[in-house]
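The values are calculated or read from the model by the stated rules, or taken from the named source; none is laboratory data. Source: prediction; values computed, not measured. All Cβ positions, glycine included, derive from the backbone under ideal geometry; neighbour counts span all protein chains shown. Ligands, DNA and RNA are stripped out before the accessible areas are found, and what is left, the full protein with its side chains, is counted by its heavy atoms. Shrake-Rupley method; radii C 1.70, N 1.55, O 1.52, S 1.80 Å.
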Number of protein chains: 2
Amino acid sequence: MDSRLISYRSIGTVESPFKVPAPPDTMKETVSSIIIDENLVEGLTGLHAGDKILVVFSFHESEGYNLLQHPRGDSSQPRRGVFSLRSPRRPNPIGITEVDLLNIDGNTLTVRGLDAIHGTPILDLKLV
Amino acid sequence: MDSRLISYRSIGTVESPFKVPAPPDTMKETVSSIIIDENLVEGLTGLHAGDKILVVFSFHESEGYNLLQHPRGDSSQPRRGVFSLRSPRRPNPIGITEVDLLNIDGNTLTVRGLDAIHGTPILDLKLV
């Protein structure tokens, strides 16, 4: 066993019109939903429409990484270190995006600003 | 195998004068270091002293969680949902803190504002 291995389970899943990745700024204009595990709904207490929340998610379709990458794949720009970029191709493919919480209904959060595709596993939510 | 299991490996470790948890605001006043895996140093390219960065880390000593908790353990305040709090006792014990990057020297980042104890595994860094 590798003592450095750290494991999590998703707490929910994204429902989005984007089935495959699109430019982040395009995705962020879209309204999408986060469906939270029914057993965890009580943990949403205190979140309200109008809040800003951090959504922590897994780039579940990302495989491998490069330590140096062109920003947003734009080869006209010099390559930079992955830790100065938001690329999904990172050693631990974790995404973090601040979104606007538009509505909560039971275990469904409606949000604007989430650049995550349909089916993305959610790891955590934090009030900003 | 549980298809929801998502595993990561730490990319580095915190060196801090705090060996056990203290109030977050106290810890955030302190200067601490992040030692990055030597094999990943190239990924720091483009980060500079003066930057603000998001540090994503594992609350590695946290065990279990409560869906409703008193903010900062203060029982005079009403309990709230864990996703509206920064408590380490959460379904996936992931911490995210914005820090000031004071210096980079090789694989060592000196930062101010990190509320993570000595030995904390780092999962990711992102330029704000």
### Query
So which residues in region A:1-29 are touching a Leu at 6+ places or on another chain (Cβ under 8 Å) and not in a strand (DSSP E or B)?
A:S10, A:I11, A:S16, A:M27, A:K28
### Query
Going by the structure shown, is B:D51 closer than 20 Å to B:T120 by Cα, within 11 Å of chain A (Cβ to nearest Cβ), surrounded by fewer than 19 Cβ atoms within 10 Å (Cβ to Cβ) and in contact (Cβ under 8 Å) with a residue 60 or more places away in the chain?
no
### Task
Please verify whether region A:46-59 includes one or more residues that are under 25 Å from B:E42 (Cα atoms) and assigned to a loop (DSSP other than H, G, I, E, B).
yes
### Condition check for A:T97: hydroxyl-bearing (S, T, Y) and open to solvent by 30 Å² or more (accessible area, probe 1.4 Å)
no
### Message
Restricting to region B:75-94, count the residues that are more than 7 Å from chain A (Cβ to nearest Cβ) and either touching a helix residue (DSSP H, G or I) at 6+ places or on another chain (Cβ under 6 Å) or open to solvent by less than 60 Å² (accessible area, probe 1.4 Å) (or both).
### Response
5
### Task
Could you tell me which of the residues B:S87, B:S33, B:S76 is hydroxyl-bearing (S, T, Y) and within 26 Å of A:S84 (Cβ to Cβ)?
B:S33
### Query
Among the listed residues A:L114, A:L102, which satisfies the condition of being out of contact with any Asp or Glu (no Cβ under 6 Å at 6 or more places or on another chain), touching a residue at least 40 places away in the same chain (Cβ under 8 Å), farther than 26 Å from B:R89 by Cβ and more than 8 Å from chain B (Cβ to nearest Cβ)?
A:L102
